[in-house]
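Okay, so here's the structure we're looking at.
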Amino acid sequence: MFMNRNRIFALGWVLSLFCVAQAARFSDQRDTVESLGKLTEPPAMMEAEGFESRDGLKPIYFDALDFKGKPTKVFAWLGLPENRGAKAPGIVLVHGGGGTAFQEWVSKWNAQGFAAISIAVEGQTDQRDLTIKDPHNPQGWRRHEWLGPLRDGIYGDSAELLKDQWMYHAVADTVLANSLLRSLPEVDAEKVGVMGISWGGVIASTVMGLDSRFAFAIPTYGCGNLSEAGNQYGRSLGKNEIYKQVWDPMQYLGRAAMPALWLSWPGDQHFPLDKQASCYRAMKGDAMVTLIPAMKHGHGAGWNPPDSYAFAKSVVEDGRPWCLQEKARRKGGSVEVVFASSKPLDRSVLISTTDVGVTGSREWVESSADLAKQGEKWVVTAALPKGSTAWFVNVRSGSLTVSSEYVEISP
């Protein structure tokens, strides 16, 4: 009995030391990730040859971090607006899975008066080779000779050294693109934001807690806290301690002080609304939410709505989002939400569900909501359908949509 107690004590001591060592390792790795926010020197840039440009955009490569001792570069499209004052605001654009550096995306932001740089974060260009048969590259984007690591599924390279992992380089590329764009004499360095779609949204929600120079952020679909999601992300990340302790944007969002627009839709199968909500509730800065019914998931679906442009303009022109939720409450079978808006609101609707499970797989139902202006505020009231398990309200100002925060109702 005495011997057994000694062995149990020794085993407990060993496990305790292991846990302490693991915690120290994760802390060191987080410090390494946080150091990416210090890549503030603009990288060297060179014009890319052999690419057809439209709207006066410039194809470029810029220097990125070494990968396994080999220099790397990032392919990007860079564009400046035609009609601008002394200096234009700017934005860094990060694509999602299957995407690349899109000229069209840059052109859309240029038309709104923003300088823009769209980067390719998987060593690809925007030229296609239809003979490429690669399930990880279904669009057949040609890789260039200076590529770094490729994305391996859902953080599938977590066993690699931290500095050899794809997310490490994708985050670094985004910070370096910020440093490059804000160094241009035509750009207002204090008004450069970041927008990412899908995997780019994951990158944006990570980097906004690391690079405090960003004036605003627009994570579209992508978010953090995915190890607890009830879909493919949760299945892949539920036991991935590197993700949970080092790469989850939740580790850094508490320091994100810039305004952010969290743009998505109720039917998104990839990034559940409750996980997105945990991210915008974790950040320090103002969080504006826009959930557009029937928006769909994709690059065009993400950049076509007018909401991201209106949000960015309100931040760079007025210093804050044009509309924000001030409070929301549920009392019995009814809800009330108060918004502060610099634009007149003209419609409101309650969106709710009686289903459970992953939010993208639930049926969402629209029902009537009353909208009234009370002083400088706008108040939405609505009756919740019986048995509701989650809800939010949408208000409209012309073609623009603003949502209240997503709320789960406990049984």
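The values are calculated or read from the model by the stated rules, or taken from the named source; none is laboratory data. Note that the structure is a prediction, hence the values are computed from the model and not measured. Glycine also receives a Cβ, built like all others from the backbone with ideal geometry; neighbour counts cover every protein chain displayed.
Numerical summary
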{"quantity": "Residue in region 358-375 that is farther than 30 Å from Lys108 by Cα, touching a Gly at 6+ places or on another chain (Cβ under 9 Å) and part of a helix (DSSP H, G or I) present", "calculated": "yes"}
{"quantity": "Region 37-53 residues that are in the same structural domain as Thr174 (by TED's automatic domain parsing), paired with ones that are among the β-branched types (Val, Ile, Thr) and modelled with pLDDT of 95 or more (beta carbon under 7 Å, 6 or more apart)", "calculated": "Gly37/Val175; Leu39/Val175; Met45/Ile60; Met46/Ile60; Glu47/Ile60; Ala48/Ile60"}
{"quantity": "Flag if Gly360 is surrounded by 14 or more Cβ atoms within 10 Å (Cβ to Cβ), out of contact with any strand residue (DSSP E or B) (no Cβ under 8 Å at 6 or more places or on another chain), small (Gly, Ala, Ser) and closer than 30 Å to Tyr233 by Cα", "calculated": "yes"}
{"quantity": "Conditions (1) farther than 19 Å from Cys323 by Cα; (2) assigned to a strand (DSSP E or B): number failed by Asp355", "calculated": "(2)"}
{"quantity": "Count of residues meeting criterion [part of a loop (DSSP other than H, G, I, E, B) and touching a residue at least 24 places away in the same chain (Cβ under 8 Å)] in region 114-136", "calculated": "5"}
{"quantity": "Those residues of region 265-303 which are polar (S, T, N, Q) and in contact with a helix residue (DSSP H, G or I) (Cβ under 6 Å, 6 or more places away or on another chain), in sequence order", "calculated": "Gln269, Thr290"}
{"quantity": "Region 147-195, subset hydroxyl-bearing (Ser, Thr, Tyr) and under 21 Å from Lys38 (Cβ atoms), residue nearest to the chain's Cα centre (by Cα)", "calculated": "Thr174"}
{"quantity": "Options Ala328, Ala390, Ala372, Ala340: the member that is loosely packed, with under 12 Cβ neighbours inside 10 Å, farther than 24 Å from Gln112 by Cα, in contact with a strand residue (DSSP E or B) (Cβ under 7 Å, 6 or more places away or on another chain) and not polar (S, T, N, Q)", "calculated": "Ala372"}
{"quantity": "Selection count where residues are part of a strand (DSSP E or B) and either among the small types (Gly, Ala, Ser) or farther than 15 Å from Leu263 by Cβ (or both), scope region 397-411", "calculated": "4"}
{"quantity": "Given (1) assigned to a strand (DSSP E or B); (2) among the aromatic types (Phe, Trp, Tyr); (3) within 26 Å of Asp268 (Cβ to Cβ), number of the condition Tyr309 does not satisfy", "calculated": "(1)"}
{"quantity": "Members of region 248-264 that are touching a helix residue (DSSP H, G or I) at 6+ places or on another chain (Cβ under 8 Å) and either among the acidic types (Asp, Glu) or not in a loop (DSSP other than H, G, I, E, B) (or both)", "calculated": "Asp248, Pro249, Met250, Gln251, Leu253, Gly254, Ala260, Leu261, Trp262, Leu263, Ser264"}
{"quantity": "Checking Trp109 against (1) aromatic (Phe, Trp, Tyr); (2) assigned to a loop (DSSP other than H, G, I, E, B); (3) more than 19 Å from Lys70 (Cα to Cα), the condition it does not meet", "calculated": "(2)"}
{"quantity": "Candidate set from region 343-357 (those that are in contact with an Asp or Glu (Cβ under 8 Å, 6 or more places away or on another chain) and closer than 17 Å to Leu291 by Cα); member that is surrounded by the fewest Cβ atoms within 10 Å (Cβ to Cβ)", "calculated": "Val349"}
{"quantity": "Subset of region 66-99 [among the small types (Gly, Ala, Ser), farther than 18 Å from Asp152 by Cβ and either in contact (Cβ under 8 Å) with a residue 40 or more places away in the chain or buried (at least 22 other Cβ atoms within 10 Å of the Cβ) (or both)]", "calculated": "Ala76, Gly79, Ala88, Gly90"}
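Yes/no matrix, rows are residues, columns are (1) touching a strand residue (DSSP E or B) at 6+ places or on another chain (Cβ under 7 Å); (2) outside the structural domain of Asn225 (by TED's automatic domain parsing); (3) of a type in the set (A, V, I, L, M, F, W, C):
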residue: Thr131; (1), (2), (3): no, no, no
residue: Arg142; (1), (2), (3): yes, no, no
residue: Leu147; (1), (2), (3): yes, no, yes
residue: Ile154; (1), (2), (3): no, no, yes
residue: His169; (1), (2), (3): yes, no, no
residue: Glu186; (1), (2), (3): yes, no, no
residue: Glu190; (1), (2), (3): no, no, no
residue: Val194; (1), (2), (3): yes, no, yes
residue: Ala204; (1), (2), (3): yes, no, yes
